[in-house]
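Below is one structure, written out as structure tokens; the observations come after it.
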Amino acid sequence: YHFIGSLAVADLLGSVIFAYSFVDFHVFHRKDSPNVFLFKLGGVTASFTASVGSLFLTAIDRYISIHRPLAYKRIVTRPKAVVAFCVMWTIAIVIAVLPLLGWNCKKLNSVCSDIFPLIDETYLMFWIGVTSILLLFIVYAYMYILWKAHSHAVRMLQRGTQKSIIIQSTEDGKVQITRPDQTRMDIRLAKTLVLILVVLIICWGPLLAIMVYDVFGKMNKLIKTIFAFCSMLC
């Protein structure tokens, strides 16, 4: 639940910062200095990176709970969870402030992104690469979980009962009892998180695609308008 809470905070923070920046620019027509612009953009970048990072940690948590249910409580403890999401947020913030610290096209006299003024294209490629790797692992983890859910349902049908108790030995020789009710609860939670992932991909997929196009192609006014519209929807 630490990871789900982190996801909620990241999404809320990103929405507030983006909405404020959008209204400030398009309604009040306020022009920011380069540093202020990069600071605001860094807030959105940190929030979205932390959102994907939270999904990544949640996917690892669910993967372990399904793949190694007997060792789950030993592997995933509250202190480890707190350390994990603190490290994740730190990395997200560090990545987000890199343009403000000098990795921008104005400082480096390099090629600028068409949709993100002052953002260096190599930084944009770096951020897209990190996000894509995380998303690929998340998709793999939940595909595995859904496969395990299907296998579990088939086993329950074959046994003809859902009240059985599974007794297994752990790696250290101890005996642990696993109830199907607990397994079903883990799978239901995983399915809910899969739904969140699907919404995330549907929402942010087009934006990532446009960012990739921005790196390798030339943006026109129509694509920029579509990008702005999709950003507001998300």
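Every number here is computed from the coordinates shown, using simple stated rules; none is lab data. Quick caveat, the model's predicted, so the values are computed rather than measured. Positions of Cβ are generated from backbone atoms using ideal geometry, with glycine treated the same way; all protein chains shown enter the neighbour counts.
Once the Cα-Cα distance is subtracted from the 0.36 nm per residue extended length, the residue 31 to residue 202 segment shows a gain of 58.4 nm.
Once the Cα-Cα distance is subtracted from the 0.36 nm per residue extended length, the residue 24 to residue 195 segment shows a gain of 58.3 nm.
Considering all C-alpha pairs of segment 36-87, those separated by over 17 Å amount to 48%.
Annotation: extensible slack from residue 12 through residue 73 equals 19.0 nm (criterion: 0.36 nm per residue apart, minus Cα-Cα distance). Approximating the spin labels as points 7 Å out from Cα along Cα→Cβ, the residue 132-to-residue 80 distance works out to 3.1 nm. For segment 24-136, the direction-averaged projected area of the alpha-carbon convex hull comes to 8.8 nm². Sorting the segments 79-86, 39-46 by their mean number of nearby beta carbons within 10 angstrom, highest to lowest, gives 39-46, 79-86. Placing dummy labels 7 Å off each Cα toward the beta-carbon, the span from residue 106 to residue 218 is 2.6 nm. Positive contributions from Lys and Arg (+1) and negative ones from Asp and Glu (-1), summed over other residues with Cβ under 15 Å from the Cβ of residue 15, come out at -1.
Going from the fewest other Cβ atoms within 10 Å to the most, the residues 119, 223 appear in the order 223, 119.
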